[in-house]
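The next block holds one structure in the form of structure tokens; read it before the comments.
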Amino acid sequence: MSENQTSRIPGFYKLPPHERLAFIARQAGLTAEEQARLAGALGLERADQMIENVVGVLSLPLGIATNFIVNGRAVLVPMVIEEPSVVAGASLAAKLARAGGGFVASSDDPVMIGQLQIVDCPDPWVARVDLLAASEELLALASEVDPVLRCLGGGARGLAARVLEHTPTGPMLIVHLHYDVRDAMGANAVNTACERLAPLLERITGGRVFLRILSNLADRRLARARVVIPESELAFGNYTGADVAQGIERAWAFASVDPYRAATHNNGIMNGVDAVVLATGNDWRAIEAGAHAYAARDGRYTSLSTWRRDGQGNLAGALELPLALGIVGGATRVQPVAGVALKLLGVQTAQELAEIVVSVGLAQNLAALRALATEGIQHGHMRLHARQVAIAAGATFVSDPS
Ligand code: MEV
């Protein structure tokens, strides 16, 4: 979207799908071909280029979450998901967030971690020191792997090494290669660089390099968002703003100490995160793995977000998680919808995408906690669920009945 466009579209949900599409096409300047890509299914031929043994495709709805402001910019958010209420929930939460200026997000440089497992070292501690002493040579070699990436400012950034003394198969030396992958997700560049380093590492350490693969716990590539909402904005029905804010804070407190609740709480966050990750053709399993590993980084699984009242009449929320997202290469190029989704989002870098995605995760979390802390999740959910049941039984709807 361009700068002076809006994500606030009252009554958007009441329009039939083709009018919604026409509206966002005007807003985002989508060509007729791009509109056709959004509305059309992935063909068998294209699917066959993506994976093996293709015999069909599975389509999912793509909806637009409205009302988002991220770092002062209005954003229309494409979300791909099968679950009712998610797009509506994100849009509602983003509307609440507008009262406090929207979401403020930031992200680390796109530095991925590649792991090399070195076994059978005569002395892993000595090997560790020797390889760190050879860092410069190793990093130069790793950077040579991808000249295009290097031209764009990416490449190897650093090395770390740990001895894991007590494993079920004995001691091993683990090397981490930190690699800036710029606007790519980075799996290919990092895995190739790790494989390239292996022979030299074997010479230096006297051991045998075994696994060479990126880590999904991309904790050098974190994205974070925060939001401040005046409590008065949270009032609805018979609930005062203070009631709702206190309820959300209590719901978060529960998730912060109880892994059973934290798993569901984080599921609510990932509903938003995954839907945008999918729409943009990114690897949602990698994102899921990274998020949950990060949620357990202190040895106990906990909430990825925090929600606190600030004592000055506001509710403040924050979310941080690893987001290894690309806007070039991989499925972002092959999947026909992904390019259009990126155009709708108006992002120029992978970091900008990550900043929107973490904001959507925080919004989704707010929507779920607001519902849970007040009228319960089933109230809105069951209305939409009833529609799915009716459709399964043969009914058709010409427009959104909500
Ligand atoms: C359902 O997909 C997600 C929720 O269960 C999240 C939560 O409990 O916070 C509503």
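The distance linking region 234-252 with region 69-139 is 31 Å (Cα centroid to Cα centroid, whole angstrom). Extension gain for the segment Ala39 to Arg208, taken as residue separation times 0.36 nm less the Cα-Cα distance, is 55.7 nm to one decimal. For a paramagnetic label modelled at 7 Å from the Cα of Asp243 toward its Cβ, which residues of region 312-350 fall within the zone defined by backbone nitrogen distances under 19 Å? Output list for this probe position: 313-315.
In plain terms, the chain from Thr169 to Asp123 could stretch by 15.0 nm, reckoned as 0.36 nm per residue minus the Cα-Cα distance. Based on the Stokes-Einstein relation at 20 °C and a viscosity of 1.002 mPa s, and on the Kirkwood radius from alpha carbon pairs, region 106-169 is assigned a translational diffusion coefficient of 155 µm²/s.
Rg to Rh ratio, the chain, alpha-carbon atoms and Kirkwood radius? Intermediate values should be presented prior to the final figure.
On the way: Rg = 23.2 Å, Rh = 22.9 Å.
Value, to two decimals: 1.02.
Under the 0.36 nm per residue contour assumption, what length would be gained going from the current alpha-carbon distance of Cys151 and Glu83 to full extension? Mind dumping the intermediate values first?
Working: separation 68, 0.36 × 68 = 24.48 nm, distance 4.19 nm.
Contour length minus Cα-Cα distance gives 20.3 nm.
Give the calculated FRET efficiency between Ile51 and Asn267 to the nearest 0.05, with a Förster radius of 22 Å applied to their Cβ-Cβ distance. Calculated transfer efficiency: 0.25.
Scaled to the globular estimate 2.2 N^0.38 Å, the Cα spread of region 111-214, given as radius of gyration, is 1.03. Among 239-245, 162-168, sorting by the average number of other beta carbon atoms lying within 10 angstrom of each residue, highest first, gives 239-245, 162-168.
Take the Cα of Glu195, step 7 Å toward its Cβ, do the same at Lys343, and the gap between the two points is 3.4 nm.
Bear in mind that the values in this text are calculations on the coordinates, not laboratory data. It should be emphasised that the depicted structure is a prediction, and the values quoted were computed from it without experimental measurement. No Cβ is skipped: glycine too gets one built from the backbone with ideal geometry, and neighbour counts run over all protein chains shown.
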